[in-house]
Structure formats: structure tokens, C-alpha cells
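Here's the structure, in C-alpha cells; my notes come after.
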């Protein structure tokens, strides 16, 4: 599988070396959201996600149980991203000394357990240590998957669709970063993202979805991952992107709101590449079932990269979404 | 499964709550070295281990590739601890910004890949981020296991045996901590521990080993974990503990060397509870095959806890081994 551009992928690429052959029993390896392990007609999907204080969350933004929920939801979202059904969580926890005897641990536990339970997963193990800081959670999410829906199945002509509204979590971060207090809805989007597990299984069940990813790097970045893995170009239509209510008030304008919705990496909605014409007729059923919009935001074309089709100025090449390295280093 | 005493287990216990029922498909859950997932006659074992700069290693002690090797070996040792055969590694990495564009990443990768390859595992995925620090590695090790050899199978009367020599890695840490330079052998024990994968499979193959653990908390602590899980008391014979060469020079005496060998948590040798009389006749075969001693160090008895049988002063109750919380907080 081809990987997208960016400093993070360079490091992963260097980690994988040139060794692209998978070990026996491993059905899916580097480059997708989960590793997939053979197990009869119901393989296991395994993924790991690290959440670090000061990088992925701040203590003055979130309560302990919200930190726990968010950290687990982010890992569980990777299971949704291959249409797997969550079963179990392993929790690695590095607690700063002052937390080791405070109520932080139980709060984190409650949030992790609640996020797991919300999609059918239970904590089955873990590793706890103290560290000089920052608070670090690493969550292993384990699920079962009949046939994993990967990033690389997109075809030229496929429509790109997203679940939910985008930019709410990013607007919460932007508000906090300038000392404000986000709206309840934006705060909720960041503090308590819902892993779209049932939505992913429903989309898989249509039999007409070719590629799936969760939005951890922002729509522009993640549509780019689908495009790169599928050997296509993603063309996004700016006017179609379902920007969350109130993001415009935070960014001070529609163009900046769209930019945030495309680049903020904290939404954990799903993006799929589907057979042309397949999801349109099913849109209302999806919305009724999940109380969540399903929106066509673009398509896959010949070429490479991600392009934004604006209403006025024609296509604009995009740089990709949220990037931990860029954010830290600039 | 019952868990041993200590602050770390208190946090894990609080994380698990009262929910002891395992999810469908999970054969082994909280309390052992790995979670075990059903998969026909060859289940998957999954474990996660976090290694943090300043807690588990220091940069002025180890080169990047040694940090990588050690972090992977510690996770792979958990697979050995259930007699699993390693297959794959997932790598979560939090790099401080100054490392993100330096040679740290490739060095870590090389060490991780080498440790994996040494026991048949390959990197199949991961997650990379930057963090303000410290350098943090979280390794998910995945293997296959016919019938996991757990901590809780020990019986009253069983002999306790350990592989290799103990205290070398702890002596390296003690030497570094007082500003010295450890001997090559002690340094090697800390920087490049060998996961005892083949040794564990051989011991499993005897059919006469009832319980198995790897020495991550020190012999006293880990024999205590076997004892607690098995509902027994561990009686260790001080004069039998195979203290590594040169530890006495570091600690300045035999009693302190024994204490270090019992409590230092960095050896990653194996401890087993075996049927009485079973391993004695096989000891030489083991030593010839693995170039490693196999030593009887005690037995399981009625009761609870861990007791050290000294040559002079009679049994001394032990407090358990290395504990990240105690070490940090005292």
C-alpha cells in the first residue's frame, strides 16, 4: 500500500524499511488504520493510538474522564475505519507522580470504560507506570472484522462522502487556544467524539463502498490518504463540506471555517469512496437511523493529491491536513 | 485471576472495576502478561509495553538503536511469558521535536526491527507523533500460542526455576546512577535483553511446567505474582539465586548483590513453576541448547506472599520487586 506525503509518514516509512512482505497470519499491515490478523471467517483487527497531554489534549480543557473517553474513542475510531466490531481495549498509561495517588486514574478509567462500552468493547489488560510527565495514554483497540474495508479500494469516478459535521472539534481547540470557552456543541465534539462503528458497519453492509477512513488528519488529509492508497486524485467541493454550526463565528468568516473543517484533525467522522450513485438514495435512511448527515463532498479522479474545487477561483491544490510534526515544529 | 499487591496493581484493579467477565473471543484477559484472542487451534497473544525516557531508560545511557531494541524486547518478553511465538509489532512513538528531524527515529527503528527479527516478528504498523517530551515508545507485540502458559497454574510443591543470571541489568543502572560506567556484560544485560522466546517454548514443550512469567518486576516480585495467581506462597532460597558475575563488586557485598538480583526489574529472564523433579534431569540439555543456566531457586508452598530462606537468619518476608510508583514517589 502506498502511503501519503508528510513528515509523519516519512518516519513511518523509515520504520518499515523496504520490507513489504507481511508475516504469516497477518492479512493487513502497514499503511492502513489497523493490522488485521487471520482468524477463520472473523479476523481480528488491532490498532494503537497514543494521546499525549500538551499535544492531543490539555488538562485545563478536559476533565480526566473526558481525557479517557477521547483517548479510547480515537483508537476505537480506527476500528470503525476498517468496519470492525470493537471487542477489547488494552490500556497503557503513564501517570505523572502527582496523579498516581490522586483521582486522575479512576477518572481516566471511567472515561475509557464508557467509550469502550458505548461500542461494545471492554478493558482486558494494560500497563501502568509513572513518568515525570506529560500524562500519556496509549490505547490498543481490538475488534473483529469480516472483510476489512481499507483505504486502497477507491476507483476513478467514485463519490467521496462524509458522516456528520466537520470543524466543531477544531473550533473548540481554536477557541481554547485564544483563551476563550467553546460552545457546548464544539466542546462536546472535541471532548467526547463518538466512534462511528455502527455507521461504518452500515456503510459496509451496502456492499457499494470501496474505501473507508476515519477523519483523524482532517478531511483534506484523509481524503488524500484514500486517494494516494487508491492511486487517484481526490477532488473536494468546498461548498458541499458540512461545516458544523458556529464554526464561522469562531473563525470570523466562511472561508476560514471551511479551511478549519478541511484541516482540523479532531472530528473522527468517516470518509468513504463509494460507487457513483450508490449512497444518494440511501442518504435519508442513514440520517434517520443515525441522526447524522451523510454528505457527498467530492469524487476520485485520475491523477494524484487533493484538490479543492472552490465556487469562484477554480481548483486549489491542498497541502493535506493536521500534521503533528508541522504543528510542533513551526 | 488474582492480582498481586502494590500501587501499580491498585491502579490496574481500579481500571478493571468489578467487571471480570471476558468479552466473547477473548480467552485470557486482565492479570496475565498478554491478552489471548481465539483463533482456531492457534490463538493470538497481544501485549503492550510502554518505555519512557527518564523512567525506563536514559539517553545518556543508551544509543537510539539500544532504546529501540530494549523497548521491543520488553514487549516481546511478555509473549515469551505465555510461551507464544512472536509474529508482529505495532510501534507507537512520541518523539520530542528535536528528534523528529534528527537521526533518532531511524536509530529507534533499527533497534526495534532487530529485536523483532531476532525472534521472528516484523513491524506491521504504528503511530508516530511529536510530544514536548520525554521520548516515549509503546510497543504492541503480537504472537501465536497453542495453549498459553499463564501465571496461575502453580501448585503447592512445585519447584521454582529461573533462566539465566539475575542482577546484571540492575547493576548497570546502579552504576550509571552513581556516575560510573558499567561493565560490558552489565551494560549488555540492560541495553540488549534477549526475549526468552525459544526457552519458553522449550519449557512449555516439556509438558511439566505449570506456570510461567517473565522477570520484569524482579524475581521476588514476579515469583510473588505466580504465587498470588496460583493461591500459594513462594519460598525463595537466597543461596540458590544465580546472581550475575560482578554484581557483588557493584553493590559492595553479597547480601546487597542478592537484594539487587531479587528486586531489580530489568532482567527479562523467565521464572517457572514446574512439577517437582521434572526439570532437574533436563537442566543440562537446556544449558547446552541455550548457553544459559536453568536454576532451581525455590518452591511453592501453602500460604501467601514471598519468603526468602536465608542461610543464617531463617525466612524473611519480602516486599516484592521493582515498583515504578514506589521508585518515583519515595
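When DSSP beta bridges are restricted to pairs lying wholly in chain A, around 75% turn out antiparallel.
Using bins of 5 Å that start at zero, the share of Cα-Cα pairs per bin across the stretch A:108-159 amounts to 4, 12, 19, 16, 12, 12, 10, 8, 5, 2, 0, in whole %. Taken over the stretch B:194-250, the percentage of Cα pairs per 10 Å bin, counting from 0 up to the bin with the maximum distance, is 18, 42, 34, 6. Measuring max minus min along each principal axis, the C-alpha atoms of chain A give extents of 56, 52, 42 Å (largest first). Counting, for every residue in A:46-53, the Cβ atoms of other protein chains within 10 Å of its Cβ and taking the mean gives 6. Highest mean packing comes first when the peptides B:32-38, A:181-187 are listed by Cβ atoms within 10 Å, giving B:32-38, A:181-187. The same position residue B:240 in the other copies lies at 7.3 nm from this copy, comparing label points 7 Å beyond Cα toward the beta-carbon, shortest first.
For the stretch A:32-144, count all C-alpha to C-alpha pairs, find those more than 19 Å apart, and express that count as a whole percent of the total. Here the tail beyond 19 Å accounts for 41 percent of pairs. May I ask for the distance between the Cα centers of the stretch A:143-171 and the stretch B:98-165, given as a whole number of Å? If you average the Cα positions of each part, the centres end up 32 Å apart.
Counting every C-alpha pair in the stretch A:159-329, the share spaced more than 24 angstrom apart comes to 32%. Our compactness index for the stretch B:86-217, the C-alpha radius of gyration over the empirical 2.2 N^0.38 Å, is 1.28. With the helix formula -39500 (n - 2.57) applied to DSSP H stretches of n ≥ 4, chain A reaches a computed 222 nm mean residue ellipticity of -10000 deg cm²/dmol.
Inter-chain Cβ neighbour count for A:137-146, averaged per residue, equals 4 (cutoff 10 Å, partner chain atoms only). Projected onto their three principal axes, the Cα atoms of the stretch B:200-284 cover extents of 41, 30, 20 Å, largest first. Distance between the C-alpha centres of the stretch B:174-220 and the stretch A:179-258: 47 Å, rounded to the whole angstrom. Label points for residue B:42 are taken 7 Å from Cα along Cα→Cβ. From this copy to the others they lie 2.0 nm apart, shortest first.
Using a 7 Å projection from Cα along Cα-to-Cβ, the label point at residue A:277 is separated from the same position in the remaining copies by 8.0 nm, smallest value first.
The orientation-averaged projected area of the convex hull spanned by the Cα atoms of the stretch A:41-89 comes to 3.7 nm².
Each of the peptides A:248-254, B:79-85 was scored by the mean count of other Cβ atoms within 10 Å over its residues; in descending order, highest first, they stand as B:79-85, A:248-254. So if the hydrodynamic radius of the protein assembly as shown is defined as the Kirkwood radius over C-alpha pairs, what does Stokes-Einstein give as its diffusion coefficient at 10 °C and 1.306 mPa s, in µm² per second? Value of D from the Cα-based Kirkwood radius: 62 µm²/s. If you bin all the Cα-Cα distances of the stretch A:145-257 at 5 Å, starting from zero, the percentages per bin are 2, 11, 19, 20, 18, 13, 10, 5, 2, 0. Peptide A:248-258 has a mean shielding of 0, counted as Cβ atoms of other protein chains within 10 Å of each residue's Cβ.
Three semi-axes describe the equivalent ellipsoid of the stretch B:147-210; taken as square roots of 5 times the Cα gyration tensor eigenvalues and ordered largest first, they are 32, 13, 9 Å.
When you count the other C-beta atoms within 10 angstrom of each residue and take the mean per peptide, A:241-247, A:151-157, B:201-207 line up highest first as A:241-247, A:151-157, B:201-207.
Just so you know, all these numbers are worked out from the coordinates, no wet-lab data involved. The shown structure was predicted, so the numbers you read here are calculated from the model rather than taken from an experiment. As a convention, Cβ positions derive from the backbone with ideal geometry for all residues, glycine included, and neighbour counts pool all protein chains shown.
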